[in-house]
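Below is one structure, written out as structure tokens; the observations come after it.
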Protein chains: 2
Amino acid sequence: MNLIQGGICAAKGFSANGVHCGIRKNRTKKDLSLIFSEVPASCAAVYTTNLVKGAPLTVTKRHIADGTAQAVICNSGNANTCNANGVEIAEQMSSLLAEALGIRTDDVVVASTGVIGQPMEIGPIAAGIPALVQGLKLDGSADAAEGIMTTDTIKKEVAVEFTLGGKTCRIGGIAKGSGMIHPNMATMLVFITTDAAIMPQMLQKALSGDIANTFNMVSIDGDTSTNDMVTVLANGMAGNAVIDSEGEDFTAFMLALNTVTVQLCRLIASDGEGATKLLECKVTGASDVQTAKTVAKSVICSSLLKAAMFGADANWGRVLCAIGYSGAAVDVGKIDVAFRSAVGTIAVCKDGAGVDFSEEIAKTVLLEKEIEILIELNSGDASATAWGCDLTYDYVRINGDYRT
Amino acid sequence: MNLIQGGICAAKGFSANGVHCGIRKNRTKKDLSLIFSEVPASCAAVYTTNLVKGAPLTVTKRHIADGTAQAVICNSGNANTCNANGVEIAEQMSSLLAEALGIRTDDVVVASTGVIGQPMEIGPIAAGIPALVQGLKLDGSADAAEGIMTTDTIKKEVAVEFTLGGKTCRIGGIAKGSGMIHPNMATMLVFITTDAAIMPQMLQKALSGDIANTFNMVSIDGDTSTNDMVTVLANGMAGNAVIDSEGEDFTAFMLALNTVTVQLCRLIASDGEGATKLLECKVTGASDVQTAKTVAKSVICSSLLKAAMFGADANWGRVLCAIGYSGAAVDVGKIDVAFRSAVGTIAVCKDGAGVDFSEEIAKTVLLEKEIEILIELNSGDASATAWGCDLTYDYVRINGDYRT
């Protein structure tokens, strides 16, 4: 399996585009994106667990109930959530796009990201759709990735190439990160495309299984947004034998999907609002996977640890503390902790107690941009990884006065 | 019931003191505190739920297993946690104090707050105990409150006077706040004294019942420390009929205790690390108390909302979002939200959707130092309050480079 260029257009039959249609005032910022598959594709999706759900999620859920979709439309600048006409707007977005593309309205995935509770007008979107559709191109992934950005500072695109029964397949994805956007809406949107042939229910199984270990293990600030959504479109144009059950091909597909999603997780976490560092918490030696996950997430979510990482302070006490209150049943006396980065590894805690270590070396390790927090529980074989970022002055600045 | 002066020395028979013994390098900072009751007192305590527990908690638990204590000793500057000789040190602190006071070692409550995982020496404490005991005084509450401070910026003392069966009783307390101290240790320590006569098991019942609505509803940054402890000593010197069961006196005692603990919660929250504002989230109209609590805590813990409050930004979408992911079963379409402070109230959300409001007035309301976030769920009669503070640049500064 190789990482390749092309993002969501890497897979055969997918084109994309992104334009400025006027939802955002800044004309240099794209605010409307489109992904299109030449042929109807199997579609799977997962949605935020927040009880407050954006209207586009409701509409998308209905549209893809049959397991098929052919296009994705997504605007930034307004979350289309907690406003009276949300569902109506999302339906209009879908039907206007369907008409322009000559596809079924029910084959449109619709998404929005931006401020919550703001009235939304269909006007700019209706006006933007012709140019959006006309401009569809095979190298449009970057434009589409731009159109869904909000407080993101970098475009997020990934693609991989792999084989299924001798056929070359591709999976690509774009994401908008957990910069919290306007309020805390639309934290995360991920759109994935593949030319692999796979039945909708197997695609859903692959996605649901994957996100438990990937997007559900990312935390920027513990706030789960109302508009989170991950969708996959699989159009089958790679010509592989359709995956309709578990087996070798399904496993290979899962692995390729996981490669894409893990990279997107890392991109999302490292571009968290105000972040200066990517934190990767790797828990090993757990008695079971749930314990490993609980510990990893608790550590990655600790404001105290996040602030310490910002300060390149090897404050391992905060790691132990976060493990202790995680709710996981662990034997504190068996825990080892180390910090690792490109320059090296420094062990800071052994059997639940501090070890002598060089503060100077620790500082050098922690001054890097990507930090691994390694936790060995010495109680079994299960492991888990969680991704996050440091807590910085800029997080406070961005969120202290974003809306006004 | 009246608020009175005197803190932990307000109740009859209690004296206190605080000295600098040398655990902390800064000679102007007290680092060892003592509370003493003339006679053995009923004692109750609650401890952190963190699996990583400070050694003093283990020792205290053993000492007060019989429901009796007569003195409290607490140092700051070292949490005596995750170090090899923790229990030994805590025992030594207790026995040295007991000897100096002429009481039983088993009647000593011992506590520590400060850096985790640092070797601790008994030397400074042993050297400090004579002066600590000699200086015991009836107006020593402030000194004792000072001796347990770490990153706290204000001393925290409260006392109330009330009557039980015609007898004047007093309850007072001191606290060290949820400035996270050195790493994240000893977040919160609360020592309460009263001259009311009450059996240990009823005292424990009162305390355990109370903290569910008070200290367990305070969050500064979601990190639960390893050294949290709340203890109450009741020496009976007020001469009231001993409370040995539920009834009118127990209810009156609970009410007085609650007045003290709520004030301490407010002091702790408003003095959270880096805090510029006290946030009080009041949830009403919940179907049951657990729902109200879950919602209140989720909102008060939202980093996004906390940052918005710092910026005096009436970003009600973040309130709804935090309710939505709280896990509580609420009807989003029924939720009303308002912000209230000394200058007035501003309604921002009605039936789960935004209402037109003046951003200018909202700003004026939110620029105050104490902000109430009022959430009406319109689904029942249950209510709950949670306390917290805003998320500021100073929180990041304090915790980004505290240890080194």
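State yes or no: is B:Gln70 in the same structural domain as B:Cys21 (by TED's automatic domain parsing), modelled with pLDDT of 95 or more and of a type outside the set (D, E, K, R)? Criteria met by B:Gln70.
For region B:277-285, state whether one or more residues are over 30 Å from B:Gln70 (Cβ atoms), more than 10 Å from every other protein chain (Cβ to nearest Cβ), in a loop (DSSP other than H, G, I, E, B) and in contact with an Asp or Glu (Cβ under 6 Å, 6 or more places away or on another chain). Yes. Annotation note: of A:Ser76, A:Ser95, the sole residue that is of a type outside the set (A, V, I, L, M, F, W, C) and more than 16 Å from A:Asp228 (Cβ to Cβ) is A:Ser95.
With a requirement of 3 or more residues that are open to solvent by 20 Å² or more (accessible area, probe 1.4 Å), the strands (runs of 3 or more DSSP E) lying completely within region A:287-404 that satisfy it span A:344-350, A:370-376. Taking region A:230-275 as the range and being more than 12 Å from A:Ala206 (Cα to Cα) and charged (D, E, K, R) as the test, the residues that pass are A:Glu248, A:Arg266, A:Asp271, A:Glu273.
Of all residues in region B:114-125, none satisfies being touching a residue at least 40 places away in the same chain (Cβ under 8 Å), open to solvent by 40 Å² or more (accessible area, probe 1.4 Å), touching a helix residue (DSSP H, G or I) at 6+ places or on another chain (Cβ under 6 Å) and of a type in the set (S, T, N, Q). For region A:44-51, the condition holds for no residue, the condition being that it is in contact with a Phe, Trp or Tyr (Cβ under 7 Å, 6 or more places away or on another chain) and without any contact (Cβ under 8 Å) to a residue 40 or more places away in the chain.
Of all residues in region B:272-286, count the ones that are farther than 18 Å from B:Gly327 by Cα, of a type in the set (A, V, I, L, M) and open to solvent by less than 10 Å² (accessible area, probe 1.4 Å).
2
Number of residues in region A:79-130 that are among the small types (Gly, Ala, Ser) and more than 14 Å from chain B (Cβ to nearest Cβ): the value is 11. Would you check if A:Ile174 is at pLDDT 95 or above, within 15 Å of the chain's Cα centre (by Cα) and either closer than 23 Å to A:Leu51 by Cβ or crowded, with 18+ Cβ neighbours inside 10 Å (or both)? Yes.
When you scan region B:229-248, do you find a residue that is among the hydroxyl-bearing types (Ser, Thr, Tyr), closer than 26 Å to B:Val343 by Cα, in contact with a strand residue (DSSP E or B) (Cβ under 7 Å, 6 or more places away or on another chain) and more than 14 Å from chain A (Cβ to nearest Cβ), even just one?
The answer is no, given that none of the residues of region B:229-248 is among the hydroxyl-bearing types (Ser, Thr, Tyr), closer than 26 Å to B:Val343 by Cα, in contact with a strand residue (DSSP E or B) (Cβ under 7 Å, 6 or more places away or on another chain) and more than 14 Å from chain A (Cβ to nearest Cβ).
Could you tell me whether A:Ala256 is open to solvent by less than 10 Å² (accessible area, probe 1.4 Å) and assigned to a helix (DSSP H, G or I)? Considered against the rule, which asks whether it is open to solvent by less than 10 Å² (accessible area, probe 1.4 Å) and assigned to a helix (DSSP H, G or I), A:Ala256 comes out as yes.
Rundown of residues vs (1) modelled with pLDDT under 95; (2) of a type in the set (D, E, K, R); (3) out of contact with any Leu (no Cβ under 9 Å at 6 or more places or on another chain), yes/no style:
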| site | (1), (2), (3) |
| --- | --- |
| B:Ile243 | no, no, no |
| B:Gly247 | no, no, yes |
| B:Thr259 | no, no, no |
| B:Thr276 | yes, no, yes |
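Where strands (runs of 3 or more DSSP E) fall entirely within region B:32-131, those with at least 1 residues that are among the polar types (S, T, N, Q), touching a Cys at 6+ places or on another chain (Cβ under 6 Å) and under 20 Å from B:Ala144 (Cα atoms) are at B:32-47.
The values are calculated or read from the model by the stated rules, or taken from the named source; none is laboratory data. Bear in mind that the values here come from a model prediction, so they are computed numbers and not experimental data. Cβ coordinates were reconstructed from backbone atoms using ideal geometry, including for glycine residues, and neighbour counts include every protein chain displayed. These area figures cover heavy atoms from the full protein model, side chains too; ligands, DNA and RNA do not enter into them. Shrake-Rupley method; radii C 1.70, N 1.55, O 1.52, S 1.80 Å.
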